[in-house]
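Inspection log for the structure reproduced underneath, given as structure tokens.
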Amino acid sequence: MKYPYLLILVFLGLTVPVFAQWDNHHQKGKCFDSLYVSYISDVKNRTPVETYLNKQYQQSKDEEVLGFLKVVKFCVKVGNGATPNEMDRFVEHVLKQYKQFPNLQARALHTVGYHYFIGEFNYEKAFNAYGRLEKLLEVYDEKEITDYANYCANIITAYYKFEDFGKAIKMGKRCLKIAENKWYLYNTMGLCYKGLAEIDSSFVYFNRALAEAKDKQMPDIYRTIALGNIGYNYYLEREYDKAKPLITVDLEGGLKLKDPGLIAGAAIPLADIFLAEGSVTKAKEMLKLARNGIAESKQRERLEKFFPVQSRYYEMLGNAEQALAYRDSSIKAIKRNDSVFNGLLVMRVQQKNDLEKITEEKNKLESYRKISQTRLWSIIVFFFLIVLVFFIVRAYKVQRGKDKKKIEELNRIIELRERLSADMHDDVGSTLSSISLYTHSLIMQSPEDQNKSTLEKIKKNAQDVQESISDIIWSVNPNMDTIEQTIARMRAFGADLAECAGICFEFEVNGSVIVQPLTMLVRKNLYLIYKEAINNSIKYSSATKLTAILDVKDGGFTLKITDNGIGFDCSVVNVGNGLPNMKRRAEEIGGELQISTGLGKGTCLILIFSSFRSS
């Protein structure tokens, strides 16, 4: 087989069946489940199972028995490499031929969905099958679909992988009531709560998984995984003394089983803990285990957590170049694992399922129309049509409101991306071009012509790029959305620059700043105008004293920057990109920029922003 069907079989705790007659539908379904496990898990059992089912069919002429035999045979074919067209055709055949047997329909949908999800990584087709299976589970209970808990568990895993934690938890709670072995559900729900950052609830379910493994005397690996997950929660809360021994148990279990994915998952947080403790050698050993584990398991999504720890390792070694390289790799890994794509994929499949539901409703209405021959039936159908239209219109309005919110959110994201793109192009692109030209100039020179000034320009431009990127990242950080954090950054920037230049610097704030919120646009432009003004004053004014006063009022603020330098003549000064950029940024937030200066009179710049609310 291409993938481990036996994992599900272990979870169910099923055994080779005893060939016996069944007295009711539920008993027959349970027997089918047991026969399925026997047939899939051991080639030697297949002939006896087929003989038994054929005998049952000859005696009872039960079409469900014949249909089940077809399904289990096809399940083996799926595991051995059935084509997507074969799988799709078979599912449609089962759904059409055996409408009265939901157990068979569920088995076929689950087999195909699981194969697409685990074997083919075709998540769209997997969710299509799982979506149809979930509809069956909503209509029928565990008495009709006897492998109900197993099907729920796999759908929950799919929702967890695509970070739809709310749906996974909701289905998990419903499934817990009927599951015989609850370890898998407890563990997955603990992971979902961890994904929602609800660590307390996550602890509850991981501890339940641990208790379940002990009570059911399950293999040690289940206890090891639960302990590792509990340890990881302590790691997230930075309680390293509690986290380390538990994650170490997880690592030892992975090494014992030679499970590379389990090894990598435990080695990464252990490496981070060792770095926090200053044990660089132990951290190096863990990072090596993690990298090998990721490579062997091909679980590239773990690189998102691996690269930041590897970067911190090189920082501790003093290797800034390697640390920066792995930090860049971290950003790439995060983009690669971006759950936005996954969310859109799930939404797309759900939309297709909704269209199928609408089609089903249309077919029902068509059937009602055909059988409505009399006036009485016409009135009844008309009544139902009115009710149906009412609900459709109401559902349409609700959906339209949701779509409107989604469109607004997408427009906000697009606007943000356009702004970031412009900033990166203006602030970083030109500087990188300069570095390229300086570097080309050095290459074209002979070895004897060492041009120190060119190298200094390259160094300065590289530092400017780093500073610009830092400013852009800071400007979109949602944790900096109050004026208090902006003031702290402004104060630090001016003090550091003035100290290096030997200029006396004063920064004064008037008014209450703690509760004043700032939008990203206002925060970014306020800081960049301030930064440009401070830079210009220190570079060109020959001043000995520089003062910045921020007056925060109830509606807005006023920023005043003055120096006692030589000043300049606005009519003849070569403004370059400085003054126009500051004026453009002031206009962008609806502010007003005033500059008062003259030769020998110093310079005074005033930025007036009248309203926080309008921003």
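The values are calculated or read from the model by the stated rules, or taken from the named source; none is laboratory data. Predicted model, so just to flag it, every value in this text is computed and none were measured. Here the Cβ positions follow ideal geometry from the backbone for every residue, glycine too, while neighbour counts run over all protein chains shown.
Out of Tyr114, Tyr123, Tyr130, I need the residue that is hydroxyl-bearing (Ser, Thr, Tyr) and under 15 Å from Thr83 (Cα atoms). Which one? Give the steps one after another, and end with the answer.
Numbers: Tyr123 fails: under 15 Å from Thr83 (Cα atoms); Tyr130 fails: under 15 Å from Thr83 (Cα atoms).
Among Tyr114, Tyr123, Tyr130, only Tyr114 is hydroxyl-bearing (Ser, Thr, Tyr) and under 15 Å from Thr83 (Cα atoms).
Show the residue pairs that are 6+ apart or on different chains and have beta-carbon atoms under 7 Å apart, the first residue being within the stretch 112-127 and of a type in the set (D, E, K, R), the second being buried (at least 17 other Cβ atoms within 10 Å of the Cβ).
What qualifies is Glu124/Val349; Lys125/Tyr116.
Any residue at all in the stretch 122-144 that is β-branched (Val, Ile, Thr), at pLDDT 85 or above and within 34 Å of the chain's Cα centre (by Cα)?
Start the filter on the stretch 122-144 by keeping residues that are β-branched (Val, Ile, Thr), which leaves 139.
Applying the additional criterion that residues be at pLDDT 85 or above yields 139.
Among the residues that remain, those that are also within 34 Å of the chain's Cα centre (by Cα) are: 139.
Checking the stretch 122-144: at least one residue is β-branched (Val, Ile, Thr), at pLDDT 85 or above and within 34 Å of the chain's Cα centre (by Cα).
Scan Ile549, Ile469, Ile561, Ile473 and give me the residue that is modelled with pLDDT of 90 or more and surrounded by fewer than 16 Cβ atoms within 10 Å (Cβ to Cβ). First the steps, then the outcome.
On the way: Ile469 fails: modelled with pLDDT of 90 or more; Ile561 fails: surrounded by fewer than 16 Cβ atoms within 10 Å (Cβ to Cβ); Ile473 fails: modelled with pLDDT of 90 or more.
Residue meeting the stated conditions: Ile549.
Taking the stretch 210-223 on its own, how many of its residues are outside any helix (DSSP H, G or I) and more than 19 Å from Pro260 (Cβ to Cβ)?
Filtering the stretch 210-223 down to residues outside any helix (DSSP H, G or I) leaves 216-219.
In the following step, the residues that additionally are more than 19 Å from Pro260 (Cβ to Cβ) were identified as 216-218.
So the answer is 3.
So which residues in the stretch 577-610 are buried (at least 16 other Cβ atoms within 10 Å of the Cβ) and among the polar types (S, T, N, Q), if there are any at all?
Correct list: Asn581, Thr597, Thr603.
Check Ala226, Ala243, Ala264 and return the single one that is part of a helix (DSSP H, G or I), of a type in the set (Gly, Ala, Ser) and over 20 Å from Asn207 (Cα atoms).
That would be Ala264, the only listed residue that is part of a helix (DSSP H, G or I), of a type in the set (Gly, Ala, Ser) and over 20 Å from Asn207 (Cα atoms).
Using the structure shown, decide if Phe274 is surrounded by 19 or more Cβ atoms within 10 Å (Cβ to Cβ) and either without any contact (Cβ under 8 Å) to a residue 24 or more places away in the chain or hydroxyl-bearing (Ser, Thr, Tyr) (or both). Steps first, please.
Numbers: surrounded by 19 or more Cβ atoms within 10 Å (Cβ to Cβ): yes; either without any contact (Cβ under 8 Å) to a residue 24 or more places away in the chain or hydroxyl-bearing (Ser, Thr, Tyr) (or both): yes.
Judged against the criteria, Phe274 is a match.
Restricting attention to the stretch 98-124, report how many residues are at negative phi and out of contact with any helix residue (DSSP H, G or I) (no Cβ under 7 Å at 6 or more places or on another chain).
Result for the stretch 98-124: 5.
Residues of the stretch 192-209 being assigned to a helix (DSSP H, G or I), of a type in the set (A, V, I, L, M) and surrounded by fewer than 22 Cβ atoms within 10 Å (Cβ to Cβ), which ones?
Within the stretch 192-209, Ile199, Val204 meet the criteria.
Can you report the number of residues in the stretch 245-258 which are crowded, with 18+ Cβ neighbours inside 10 Å and not aliphatic (A, V, I, L, M)?
3
Any residue that is within 29 Å of the chain's Cα centre (by Cα), at pLDDT 85 or above and assigned to a helix (DSSP H, G or I) - is there at least one of those in the stretch 69-78?
There is no residue in the stretch 69-78 that is within 29 Å of the chain's Cα centre (by Cα), at pLDDT 85 or above and assigned to a helix (DSSP H, G or I).
Can you name the residue in the stretch 112-156 that is surrounded by 18 or more Cβ atoms within 10 Å (Cβ to Cβ) and of a type in the set (S, T, N, Q) and is also farthest from Leu191 (Cα to Cα) among such residues?
Selected residue: Thr146.
All but one of (1) within 30 Å of Lys135 (Cα to Cα); (2) part of a helix (DSSP H, G or I) hold for Asn181, so report the exception by its number.
With (1) within 30 Å of Lys135 (Cα to Cα); (2) part of a helix (DSSP H, G or I) applied to Asn181, the lone miss is (2).
Can you find a residue in the stretch 161-180 that is of a type outside the set (Val, Ile, Thr), surrounded by fewer than 23 Cβ atoms within 10 Å (Cβ to Cβ), without any contact (Cβ under 8 Å) to a residue 12 or more places away in the chain and at positive phi?
Among the residues of the stretch 161-180, not one is of a type outside the set (Val, Ile, Thr), surrounded by fewer than 23 Cβ atoms within 10 Å (Cβ to Cβ), without any contact (Cβ under 8 Å) to a residue 12 or more places away in the chain and at positive phi, which makes the answer no.
Could you list all residues from the stretch 11-36 that are touching a Phe, Trp or Tyr at 6+ places or on another chain (Cβ under 9 Å), modelled with pLDDT of 55 or more and within 18 Å of Ala153 (Cβ to Cβ)?
Gly29, Lys30, Tyr36
Contact list please: Cβ distance under 9 Å, first residue in the stretch 288-302 and of a type in the set (Ser, Thr, Tyr), second residue in a loop (DSSP other than H, G, I, E, B), pairs at least six apart or on different chains.
Hits for this filter: Ser297/Asp259.
If you take the residues in the stretch 283-296 that are among the charged types (D, E, K, R) and under 19 Å from Leu262 (Cβ atoms), which one is surrounded by the fewest Cβ atoms within 10 Å (Cβ to Cβ)?
Ranking the candidates gives Lys288 first.
Scan (1) out of contact with any Lys or Arg (no Cβ under 6 Å at 6 or more places or on another chain); (2) under 26 Å from Thr224 (Cβ atoms); (3) in a helix (DSSP H, G or I) for the single condition Asn128 breaks and write down its number.
(2)
Give just the number: which of (1) acidic (Asp, Glu); (2) modelled with pLDDT under 90; (3) surrounded by 19 or more Cβ atoms within 10 Å (Cβ to Cβ) does Asp220 not satisfy?
(3)
Which numbered condition trips up Ser537, out of (1) modelled with pLDDT of 80 or more; (2) farther than 15 Å from Ile595 by Cα; (3) not in a strand (DSSP E or B)?
Here Ser537 meets the rest and fails (2).
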